Structures are given as structure tokens and as C-alpha cells.
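Okay, so here's the structure we're looking at.
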Amino acid sequence: MLSIRRVLLGLALVVGAPGFLLAQFPVPTQHVSEDTEPAQIHELVSKYCRLDYEGARLDPQAWPKFAQIAWWKSNPSYTQIDVVARYSVDVPPEASKGKYVVTVHYRLLGTYDLKTGYVREPEVSNQNVDFLVSLENLEWRIADAENTSPHLSRAAMLKWLNEQINTTQDNEAKVRLQDALKQLQAQSGSPFAK
């Protein structure tokens, strides 16, 4: 009886060990599931938009977070900052030649031009931005966007303006920043503003 148990235990180890060992080490595959691609693409663009909305594009220390989801080596340069009440990411993304185009819809409150200051939208308007997502080495990342300006929430923009006012030595820039702060404080940041 004891020898039969040993034989069965040995057989179980011989048969089960390779499966156990393979489970410990991921095996790369050349096939990316088309069923999960749209969800992965949506999640990727949503993550980018969330970081941007929270003001991470204006923080040089935060760029490594974007480097994991975009093919850009550095933060794209910009001359203006779009202030938005909300955004939504289209579902499903549109497939085209092995790439995806994802449209993000923003509710634009206004724009802060780095040289001329803040311009408030007369009415909250819609802005659509297309993001191009591509696959390289089995990894999806954002490859391009038709508008690379940061898109900040009202709260993130107010925080950034206060930080800039406190650190700038340029009087003209300080006046421009203070004016933008006053305009934005007076403006409703409600995502449901008409």
C-alpha cells in the first residue's frame, strides 16, 4: 500500500511539476487578444487624461508617469493650458491599420496663454481631441495627439496659478497670473455649466 502511494505521489509530481513551474514564469506570446484591445486602449487614454486633468503635465517630477503610457520621450512643449470642467473618453476606440484613434471630449472653461494670460470662454464650449494609440513590442502607448496642450481641471489650474504667483519675480507675469486667478475664481467650474 505504501509503495502505491509513493508511485502515485511520484507520478503526480512528474506530471504536475512542469505546469507549476510554467505558471511561475510568464511566457511571452506574439498574439494580443483583440477582445481586450479596446478596453486596454480606453484605459490607457483615460489614465493619460486623468493625470493631465490633475495637473501632472505641469509638474516636471511627474513626467515618468506619462513615460509609461506615451511614446514621447519628454513632455510635449506647449504655449497654452486649456482649463476644463470635465472630459469623457469615447468607447469603443476606432481601429485603423493596427492603430487606434480615441476621441476625448472636453468641456472647455478657458485657455491660459503663457504670454498673454487667461481667456475665459463666453460659454462653456466643447473641444474634441483625437489621440493615436499604437502597438510596439506588444505594448500599447499613446503615439500622438492632435492637441498637446495640457488640459487641467479648474482646481489644478488654481493651484498652479497660486504656485506661480508665489515664485515668479517678473512683475508683468505676476500681474498676468493674478488676473487669470481672479477670472478663474469668479468662473463656475461645474461640469454641468451651460
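Tabulated data for the structure shown
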item	result
Across Lys47/Lys115; Lys159/Lys182; Lys47/Lys73; Lys47/Lys97; Lys115/Lys174, pairs whose alpha-carbon gap is larger than 20 Å	Lys47/Lys115; Lys47/Lys97
Those trypsin sites (Lys or Arg not before Pro) in region 73-175 that DSSP places in a loop and that have at most 11 other beta carbons within 10 Å	Lys73, Lys97, Lys115
Integer Hz, Karplus 6.51/-1.76/1.60 couplings in order for region 153-160, x for Gly and Pro	6, 4, 4, 5, 5, 4, 4, 4
Neighbour net charge for Arg120 - beta-carbon separation under 13 angstrom, K R +1, D E -1	-3
Dipole magnitude of region 95-194, debye to nearest 20 (Cβ charges: Lys/Arg +1, Asp/Glu -1, about Cα centre)	280
Which of Phe66, Leu132, Ala143, positive extreme of dipole for region 32-186 (C-beta unit charges)	Phe66
Local net charge near Tyr106, Cβ-Cβ under 9 Å (Lys/Arg +1, Asp/Glu -1)	+1
Cut-off under 5 Å, modelled amide H: who pairs with Ala70 long-range	Ile142
Global form of region 61-194, assessed from the alpha-carbon gyration tensor, a/c cut-off 1.5	oblate
Candidate aspartates and glutamates - alpha carbon under 18 Å from Lys65, same-chain residues fewer than 8 apart omitted	Glu43, Asp52, Glu54, Glu139, Asp144
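Any read-out appearing in this document is the output of simple, stated calculations on the displayed coordinates, not a laboratory observation. Fair warning: this is a prediction, and the values are worked out from it, not measured in the lab. Positions of Cβ are backbone-derived with ideal geometry, glycine not excepted, and every protein chain shown enters the neighbour counts.
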